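For reference, the structure discussed in these notes is given below.
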Amino acid sequence: MSDFGATAGVLFAQQGCMGVITLARPDALNALTHDMVRAIMAALSAWEGDDSVKTIVIRAKGRAFCAGGDIQAIYRAGLEGSPLYDFFADEYRLNARIESYPKPYIALIDGIVMGGGVGVSIHGSHRVFTENARFAMPEVTIGFFPDVGGSHFLPRLPSGMGLWLGLTGSRFGWGDGLWCGLATHAVRAVRLDALMADLSQADNVETVLARYSETPPREIDDAAIALIGDLFSATTLADLTGELQTRADAEDTFAAETLARLSKASPTSLNVAFRQIRAGAQLSMRQCMAMEYRIVSRMLKAQDFYEGIRAAVIDRDGAPRWQPALLEQVEQTDIDSYFASLGQEELELDAGRAGAA
């Protein structure tokens, strides 16, 4: 079996009729590198035309499925004046490829899944959460935005959940994930190997997955769902924060906790994410990825992303100095610039696809 050009961090194998991708950087929580992204793309291209491969499965070693992209590498490159535009372009191409892949693509999510890990799993045709799954999109807390197709899948979650998840970075487990549609199936971790064995011989993956699946209870209660649906239907970020403040002043605990979460995020990122998620509800996956590449191209030139990484990962002081520091200081013309056309630098989603195999 080819390594599809990977140097480290991802393994490929064929098990029966399955092409198996294994993320294998457990010490780094399986954070995605550029080599890993390119290798996965090459494997998908090769397996699409291979009649012996009927199903794709992606899984991971260790306690995390994938905690995101390699943000330390992103940080170093930014400081050196060489932002990793190519990494994000290839990652977004991979996300779009997974969303449109013609064969069943099954992600076995057993542990933390955030950022880039969401991008290589949630867009697949089947998403299996175990009891260990912990989904989150906390990008706004490091001065970034919920990318990797967040603009496509988040607004399609019920009851305002996508906007709430994207702005607060809240976590969902397997019960909540299954309820809101992040997961298509819930399977206990101890049964994954047996599930893999059966899938490797299966003509119908739906039948096999149904046999192993269960319906765990939700962790989030009806009252919280109703509140989120009410609050996060706001048409502007100012309306949302204003209503949260009014309710917090009236001693609403949920509103106060939500405001506290928002207060830790980059004000610029909150504005970008709010607009991005609302806009994505009307866009195709490919349109969403083009929009996200416009945003990331500007984020990689701005201050907040690198400052957020510094505070969270490099110095770990938990005290980012956002510019601007307050929501009311954000100029909408500045937010508009994140969404403006890149002209000749627009993302070409099919670039390099034929040669990837």
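Between beta-carbons, use under 13 Å as the cut-off and find the net charge around A311, counting Lys and Arg +1, Asp and Glu -1.
Net charge in that neighbourhood comes out at 0.
Take Y92, Y75 and sort them by solvent-accessible surface of the protein heavy atoms, 1.4 Å probe, largest at the top.
Result of the area sort, largest leading: Y75, Y92.
How would you rank 283-290, 252-259, highest first, on the average number of other Cβ atoms within 10 Å across their residues?
283-290, 252-259
Sum -39500 (n - 2.57) across every DSSP H segment of at least 4 residues in the chain, then divide by the residue count to get the 222 nm mean residue ellipticity, nearest 500.
Value at 222 nm, helices only: -13000 deg cm²/dmol.
Between A197 and Q287, what is the FRET efficiency for a Förster distance of 45 Å, r being their Cβ-Cβ separation, to the nearest 0.05?
Calculated transfer efficiency: 0.70.
Return the percentage of antiparallel bridges among DSSP beta bridges fully within the stretch 8-145, rounded to the nearest 5 %.
Within the stretch 8-145, antiparallel bridges account for around 25 percent of the total.
Quick check: residue separation of A279 and E206 times 0.36 nm, minus the Cα distance between them. What number comes out in nm?
Result: 23.0 nm gained on full extension.
If you place +1 on the Cβ of every Lys and Arg and -1 on the Cβ of every Asp and Glu, how big does the dipole about the Cα centre of the stretch 1-122 come out, in debye to the nearest 20?
280
Along each of its three principal axes, how wide is the spread of alpha-carbon positions in the chain, in whole angstrom units, largest first?
Largest to smallest, the principal-axis extents are 59, 47, 38 Å.
Over the chain, with a Gaussian network built from C-alpha contacts below 10 Å, which listed residue (S151, S266, S233) shows the highest mean-square fluctuation?
With Cα springs under 10 Å in the chain, the top fluctuation among S151, S266, S233 is at S233.
Between H34 and E243, what is the spin-label point distance in nm, taking each point 7 Å from the Cα along the Cα→C-beta axis?
For H34 paired with E243, the spin-label model returns 4.3 nm.
Of all the C-alpha pairs in the stretch 58-123, what % are more than 14 Å from each other?
62
Taking the solvent-accessible surface of protein heavy atoms with a 1.4 Å probe, what is the per residue accessible area of the stretch 1-143 in Å²?
Per residue, the stretch 1-143 has 33 Å² of solvent-accessible surface.
Consider a paramagnetic label point 7 Å from the Cα of D50 along Cα→Cβ; state which residues of the stretch 105-134 have an amide N under 19 Å from it.
105-108, 125
Go through Q72, S100, V118 and say which Cα lies farthest out towards the positive end of the charge dipole of the stretch 65-120; charges sit on Cβ, +1 for Lys and Arg, -1 for Asp and Glu.
S100
Give me the percent of the accessible area of the chain that comes from carbon and sulfur atoms, probe 1.4 Å, all protein chains in place.
48
For the chain, give the magnitude of the charge dipole about the Cα centre (Cβ charges: +1 Lys/Arg, -1 Asp/Glu; no others), in debye to the nearest 20.
620
I'd like the antiparallel share, as a percent to the nearest 5, of DSSP beta bridges with both residues in the chain.
Antiparallel bridges: around 25 percent, rounded to the nearest 5.
Where Lys and Arg each count +1 and Asp and Glu each count -1, what net charge lies around A31 among other residues with Cβ under 11 Å from its Cβ?
Here the charged neighbours net out to -1.
Over the stretch 262-357, give the accessible area per residue in Å² for a 1.4 Å probe, as an integer.
51
Can you compute 3J(HN,Hα) from phi for each residue in the stretch 105-115, using the Karplus curve 6.51 cos²θ - 1.76 cosθ + 1.60 with θ = phi - 60°, rounded to whole Hz and x for Gly and Pro?
Result, ordered by residue: 10, 10, 9, 9, 9, 10, x, 5, 9, 9, x Hz.
Pop out the Kirkwood hydrodynamic radius of the stretch 170-285 from its pairwise C-alpha distances, inverse of mean 1/r, in Å to one decimal.
17.3
Kirkwood Rh over Cα pairs of the stretch 37-160 into Stokes-Einstein at 20 °C, 1.002 mPa s: D in µm²/s?
Calculated translational D: 139 µm²/s.
How large is the direction-averaged shadow of the alpha-carbon convex hull of the stretch 122-225, in nm²?
One quarter of the hull surface, i.e. the mean projection, equals 7.1 nm².
The values are calculated or read from the model by the stated rules, or taken from the named source; none is laboratory data. Here the structure is a predicted model, which is why all the values come from computation and not from measurement. Methodologically, a virtual Cβ is constructed for each residue, glycine included, from the backbone with ideal geometry; neighbour enumeration extends over all protein chains shown. Note: accessible area is taken over every heavy atom of the protein model, side chains too, but ligands, DNA and RNA are not part of it. Shrake-Rupley method; radii C 1.70, N 1.55, O 1.52, S 1.80 Å.
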